[in-house]
Each structure stands twice: as structure tokens, then as C-alpha cells.
């Protein structure tokens, strides 16, 4: 985890929620925020998803979780979310906040501290136990 003093400036971005609403990270200041980039066709994303769902349910009152689908065929997202009982909103990617396509494998998860600063970036599958531990550290700050 990036030490608090070395974290980049607070993020300020919006994502369009599937269905039309806007999700703004600044609306979640004071809470830890987890942004997970994934796709229905991504095997590692499918492996990771049950742990993310469990994590989101456990921390629902203290952590804002949002999924960003990288699917081109959006008709597959709702059935996938239902199959995995995903409790958090699904959003569409925003090119302003996406790193370049190169070096951006799926899944990628970003964990922001209570001030909206990026505390940790996970590339590939992140274990639920790791998320839990890192989140508890951020909540204690």
C-alpha cells in the first residue's frame, strides 16, 4: 500500500451507471472506495467475483464499491450481475480515468482512501483476504 504521504492527489471523476445515473467519487469522501474493472468474458474476473461480492456485502456501510464493465456487449452484464448476486452498481468506463489500454489487464482494482487518493492498485486477481486487510488499514487512518 502506498504510504499516506506519498499518495497522489485526490481523484475526482464521474462514471455513468448502467441505467443512466452518474456516480461521482467525490460524493464518497470520508469512505474508502473500491473500483473494480472487469468483463464478463474475463476468466480471472469470474474467479475473483465471489470474493468481491462477499467483501462488498461485509463492508457495505463503510466502503463504496463500484464495478466498471469493460464489455462491449452490455447485454451480458445484467445476467452476469444477477448470476453472481453483485450488490454494487455497474458503470461504464470513462476514458478520462482509464489508464492506457496497454498495461491494463483485467481484472484491475483501485482502492482509494477516505480522501479519494489512490492507496493501492491491484493488477490481476486480488484475494478477498488482501482486500479486507488493506481496507481495514485504510479505515483506521
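Some observations on this one:
- The C-alpha atoms of the chain define a longest principal axis, and helix 43-58 lies at about 50 degrees to it.
- Rounded Å value of the spacing that divides the Cα centres of the stretch 7-25 and the stretch 102-139: 16 Å
- R0 of 22 Å, Cβ-Cβ distance residue 60-residue 121: FRET efficiency to nearest 0.05: 0.45
- Extension gain from residue 18 to residue 85, taking 0.36 nm per residue of separation minus the Cα-Cα distance: 22.5 nm
- Kirkwood hydrodynamic radius computed over the chain comes to 15.1 Å, based on all pairs of distinct alpha carbons.
- DSSP bridge orientation in the stretch 26-124 - percent antiparallel, rounded to nearest 5: 55 percent
- Potential lengthening between residue 10 and residue 136 on full extension [0.36 nm per residue; Cα-Cα distance subtracted]: 43.4 nm
Here, each number is a calculation from the coordinates, and none is a lab measurement. Small disclaimer: the values here were computed from a predicted structure and weren't measured. Glycine also receives a Cβ, built like all others from the backbone with ideal geometry; neighbour counts cover every protein chain displayed.
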